[in-house]
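A.B. asks: Let me begin by handing over the structure; questions about it come next.
Nothing in this text is a laboratory measurement; each read-out follows from the coordinates by a stated rule. What you see is a predicted model; the values in this text were computed from it and never measured.
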Amino acid sequence: MSPSGLLTLVTGASGVIVRARGGDAFSDEVRKTRLVEGARWDEGARGTNAIGTAIVEAQPIAVVGRAHFEAVNHGLFCYAAPVLDPFGEVVAVLDVTGPLSLEAAHAEAEGLGMRGLVISLARQLNKLLGRRGKVWGDRWHGRELGSPSEVRSALVYVFRNIARHGARTLCGGVVDAFSSAPRFTGWSRPVMSPPVDEGPWPAAHPRTWMLEKGSRLLGLVA
């Protein structure tokens, strides 16, 4: 990884980094985000991130930019793949991480190359462990949402992401500040979000009937 300056990581099953190599292209960010040996990167400690989510899902994961729960990680792209034992349990995670500036400059070549490398390494380790099965069978976990209720459920899942990571409040109406929930106009009552230090927010309006109108046929989101 040293020629491209990316960071390669190996963690244990609990998400603790046991090996870290490279990262010359963004050494300041590596220290700032604690991508160092001994740091914990499970979802309970860091929220949504490639390592922690790969452990939970037990399959390869890509987390890019604002998809990370912590704002400090919004400048990174991360590809992680779990290593599984013969019983399908996660025993380690392989991760390749870099700055978004590099991802943007070489999106197709670097992105496909890094994902392919992580998958290849995980596949070889899984073979040594005697495990067989698909690797990244559905690469982006993507499928078309076919009904207003499915679209509504997807919106609620994303907007309430904060609750998945242990957020507790004495009053209702708190949403994930790192999603577009604070700007969503389909709430049945006013919502609050934790303050975050962010730059200009890109405007992306619904482009399908299902998202713009279909999801509201069941009423506003509580």
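A.B. asks: List the residues, sorted by chain then number, that are 5 or more residues from W41 or on another chain and whose placed amide H is less than 5 Å from its amide H.
C.D. replies: Residues meeting the criterion, in which the H sits 1.01 Å from N, are V16, I17.
A.B. asks: Right, another one. If you plug each phi of region 51-60 into the Karplus form 6.51 cos²θ - 1.76 cosθ + 1.60 with θ = phi - 60°, what whole-Hz ³J(HN,Hα) values come out, in order, with x for Gly and Pro?
C.D. replies: My calculation for region 51-60 gives 5, x, 6, 5, 5, 5, 7, 6, 7, x Hz in order.
A.B. asks: Name the residues whose placed amide hydrogens come within less than 5 Å of the amide hydrogen of A92, ignoring near sequence neighbours (fewer than 5 apart) on the same chain.
C.D. replies: V83
A.B. asks: So what are the ³J(HN,Hα) numbers for region 74-87, from phi and the Karplus equation (6.51, -1.76, 1.60; θ = phi - 60°), rounded to whole Hz, Gly and Pro as x?
C.D. replies: The phi angles translate into 5, x, 10, 10, 9, 10, 9, 9, x, 9, 10, 7, x, 9 Hz.
A.B. asks: Through the Karplus equation 6.51 cos²θ - 1.76 cosθ + 1.60, θ set to phi - 60°, convert the phi angles of region 90-100 into ³J(HN,Hα) values in whole Hz; use x for Gly and Pro.
C.D. replies: Listing the rounded values in order: 6, 10, 6, 9, 9, 9, 10, 10, x, x, 4 Hz.
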